[in-house]
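I have placed the structure first, in the form of structure tokens, so that the comments after it can refer back to it.
The values are calculated or read from the model by the stated rules, or taken from the named source; none is laboratory data. Every value quoted in this text rests on a predicted model; they were computed, and no experiment measured them. No Cβ is skipped: glycine too gets one built from the backbone with ideal geometry, and neighbour counts run over all protein chains shown.
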Amino acid sequence: MNISRLAIGLTGLALWIGPAVFAADGYDLWLRYPKIDDTARLEQYRGAIKAIVVEGQGDTYTIIKRELQRGLTGLLDQKLALATQVREPGTVIIGTAQDSRLIAQLKLTDAPGKLGPDGFIIRTCVVDDKACIVIAANRPVGALYGSFRFLQLLQAHRDISQIDICAGPKHDLRMLNHWDNLNGGGERGYAGYSLWKWQDLPQRLDGRYTDYARACASIGINGMVPNNVNADAKSLSTEYLRKLAALADLWRPYGIKVFLAAKWSAPKELGTLSTADPLDVGVIAWWKSKTEEIYGLIPDFGGFLVKANSEGQPGPYDYGRTHAQGANMLAELVRPHGGTVIWRAFVYGKDKPDADRIKQAYQEFVPLDGLFKDNVFVQVKNGPLDFQPREPINPLFGAMPKTRLNMELQITQEYLGHSVYLCYLAPMWKEVLDSPLYLGELDKKPGSDGYQSIIAGVANVGTDRNWCGHHFAQANWFAFGRLAWDPSLDSQAIAQEWARLTFTNDAHAIATISEIMMRSWQANVNFMTPLGLNTLCNAGSGDEGHYSPSPATRQKFHHADKTGLGYDRTSATGSNAVGQYPEPLRTQFDDLDTCPEKYLLWFHHVDWDHRMKSGRTLWDELCWSYAKGVQEVRQFNTLWQTLEGKIDAQRYRHVQDRLKEQLEQAVLWQRTCVDYFQGFSGREIQEFDFSSESL
Ligand code: GCW
């Protein structure tokens with residue numbers, strides 16, 4: 001065959017199979033925009049959406065136009081006109097009252113105040129006697145969020161004959177923390193390498209930076225820290241700040257603000273100083289000029305995130321100063337620029353008096369309440385230990401009434417099976433987000449940075465083609481965005497919405513996918529760390545760390561002995577960590593009879609023969625939990641098989657393979673832990689028959 005004809009033939013083939021191949025590899029996340037496959041809906045949409053009017057000018061409006069054209073062309077499978085005025089019914093008008101004459105004339109009175117700077121309205125309105133859909137906001141970025149939401153309604157086949165949505169976010173700053181190192185590696189990342197190619201910046205901008213921003217904006221994420229909290233001082237060097245500025249410029253129109261994780265010893269490492277004492281005039285002068293340099297390059301720089309005096313990181317304690325003194329020094333410097341200092345409360349380490357590590361953050365931070373400047377946030381992990389499969393809420397929430405606290409969640413599955421286990425995290429996050437202790441934090445006074453509330457999630461994205469390693473890990477990125485916007489949302493509703501956008505609108509598939517998702521977290525808890533156990537995994541900071549079972553090396557976390565199992569944190573005989581909780585939680589956790597069984601071994605050392613609510617002894621309940629966890633994963637495998645042919649083969653097989661591996665892991669966890677604990681209990685291992693349970 002003639003070579004050039006072969007080449008043409010291959011190109012044709014690639015064009016032909018291209019979109020299908022890419023559609024199924026997960027790269028498009030929940031932004032796939034396939035043609036609506038429900039004929040009645042498609043007709044409704046085609047009748048209701050005929051043209052788009054975007055009157056505003058500027059980069060954000062360009063992005064809005066591009067996204068709507070891309071989305072609507074895909075979903076409706078027809079080209080859409082960009083109009084300048086309302087010529088026919090079915091015109092979609094997008095913008096703000098300031099930028100759009102059409103929107104200004106509608107006088108949407110409930111917009112200001114309720115929506116805030118980021119909210120939006122999507123509403124069916126009559127404009128110039130024609131039925132139109134209006135997407136209105138107070139700022140262009142709100143119109144962008146509204147446009148994404150509108151496309152998502154269509155992707156989920158929602159009825160749009162009379163829409164009236166008015167949505168403003170509950171958290172002002174909804175941010176991702178990337179634990180990425182400057183050399184392209186990352187800490188606790190399980191989806192390939194870091195997305196940020198520092199060596200290519202600022203000249204070369206990888207196309208994924210834009211797709212990342214699109215994905216973030218589509219779920220309302222508006223802030224990010226690109227570098228690891230175990231920071232490298234080099235990220236504050238002029239060379240790296242220029243690189244960061246290029247990213248900030250690219251992401252600004254998407255509404256994404258950049259922050260930096262700052263290393264406390266930077267004045268010594270980058271400068272010529274011999275100290276990093278926050279009260280030293282030379283140190284203050286160094287940070288001042290650094291801060292000014294940053295704002296010169298990035299005028300809307302968000303501020304600093306700091307991990308200090310924890311796990312070997314330097315900090316103000318090295319100089320006999322407190323966290324407040326450290327945070328306030330930086331806060332004063334970023335304040336004139338509207339910046340924020342986010343100071344992490346995840347502290348533990350050497351020279352600490354209390355043997356029970358989970359008490360340390362409270363002990364160090366509560367006495368500092370009222371001493372932090374008003375543009376400081378103290379960033380607190382959801383639980384008091386460290387992103388375990390399940391933890392009770394961190395008692396710092398509610399304990400510092402004069403300080404703004406913000407929650408740090410972990411989207412990356414450090415302790416929940418990396419990118420191998422299917423584990424939908426929204427139900428776990430909801431346990432803390434719904435707690436009155438946390439909800440109180442959202443009503444504190446805004447600071448000089450304008451923020452009343454922040455929420456941070458440790459990101460799970462990397463260079464893997466599907467961004468998150470496991471296709472279902474995308475759901476956790478999505479759910480984080482949704483809950484950051486509105487923490488009162490229901491986990492199952494988010495799961496179903498994600499399944500519709502990401503996979504299909506087929507009713508059986510949505511029901512099955514969301515069913516697996518909703519059961520997944522508890523299943524993982526059961527086969528890893530049931531009944532309030534924690535940290536039974538292997539140690540290590542590399543890729544394999546915190547993955548496999550290793551209870552024998554974790555005595556100090558589970559305290560197993562001949563009499564029983566669990567960590568005594570009671571007031572009478574234990575470490576009295578319960579004393580850090582307000583009433584009624586304190587008494588509830590302290591009492592063996594009222595402590596919820598999901599936290600039992602977190603707070604109590606319990607006799608092997610203790611009677612559980614099920615009627616089983618603790619030992620039998622432990623065996624049952626591990627067996628139940630394994631059984632659940634076995635069922636996920638069976639349920640998933642019912643989806644063959646309902647979703648594309650590529651993603652079907654990928655998930656199927658991971659579920660098989662998860663089952664092998666679950667069995668390994670069960671055997672290892674049950675055998676190990678049997679060495680203490682000396683009791684027989686019960687077998688459980690789950691065969692009568694339906695799927
Ligand atoms: O969960 C632990 C991780 C560390 C991490 C630390 C932290 C960034 O094992 O890798 O360091 O928490 O949150 O600072």
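Miscellaneous remarks
- Criterion (assigned by TED's automatic domain parsing to the domain that holds residue 251, over 26 Å from residue 250 (Cα atoms), of a type in the set (A, V, I, L, M, F, W, C) and at pLDDT below 95) met by exactly one of 355, 361, 308, 327: 355
- For segment 406-426, the criterion of a residue being within 16 Å of the ligand (Cβ to nearest atom), among the aliphatic types (A, V, I, L, M), outside any loop (DSSP other than H, G, I, E, B) and within 23 Å of residue 344 (Cα to Cα) is satisfied by at least one position.
- Test result for residue 299, more than 16 Å from the ligand (Cβ to nearest atom) and surrounded by fewer than 24 Cβ atoms within 10 Å (Cβ to Cβ): yes
- Search result, residues across segment 187-208 that are surrounded by fewer than 16 Cβ atoms within 10 Å (Cβ to Cβ) and either touching a strand residue (DSSP E or B) at 6+ places or on another chain (Cβ under 9 Å) or under 16 Å from residue 235 (Cα atoms) (or both): 199, 200
- Residues of segment 586-605 that turn out to be in a helix (DSSP H, G or I) and either in contact (Cβ under 8 Å) with a residue 24 or more places away in the chain or touching a strand residue (DSSP E or B) at 6+ places or on another chain (Cβ under 7 Å) (or both), as a count: 8
- Among residues of segment 606-626 that are part of a helix (DSSP H, G or I), those with a beta-carbon under 9 Å from a residue that is hydroxyl-bearing (Ser, Thr, Tyr) and buried (at least 19 other Cβ atoms within 10 Å of the Cβ) at least six positions away or on a different chain give the pairs 618/681; 619/681; 622/681.
- Any pair with Cβ under 6 angstrom, 6 or more apart, that starts in segment 386-401 at a residue that is within 15 Å of the ligand (Cβ to nearest atom) and ends at one that is among the hydroxyl-bearing types (Ser, Thr, Tyr) and in a loop (DSSP other than H, G, I, E, B): 387/415; 388/415; 389/415; 389/529
- Within segment 319-376, the set of residues being touching a residue at least 40 places away in the same chain (Cβ under 8 Å), aromatic (Phe, Trp, Tyr) and within 16 Å of the ligand (Cβ to nearest atom) comprises 346, 365.
- If you check 479, 511, 499, 552 for being more than 26 Å from residue 439 (Cα to Cα), touching a residue at least 40 places away in the same chain (Cβ under 8 Å) and part of a helix (DSSP H, G or I), only one passes: 552.
- Pick from segment 535-580, criterion among the acidic types (Asp, Glu) and within 15 Å of the ligand (Cβ to nearest atom), ranking: farthest from the chain's Cα centre (by Cα): 544
- Residue count for segment 602-660, restricted to those that are on the phi < 0 side of the Ramachandran plot, surrounded by fewer than 20 Cβ atoms within 10 Å (Cβ to Cβ) and among the small types (Gly, Ala, Ser): 2
- The residue that is farthest from the ligand (Cβ to nearest atom), among those in segment 185-213 that are part of a loop (DSSP other than H, G, I, E, B) and over 21 Å from the mean Cα position of the chain (by Cα), is 203.
- Boolean, residue 157 is modelled with pLDDT of 95 or more and touching a strand residue (DSSP E or B) at 6+ places or on another chain (Cβ under 9 Å): no
- Segment 264-383 holds helices (runs of 4 or more DSSP H) entirely within its bounds, and those carrying 1 or more residues that are over 23 Å from residue 400 (Cβ atoms) and of a type in the set (S, T, N, Q) map to 281-297.
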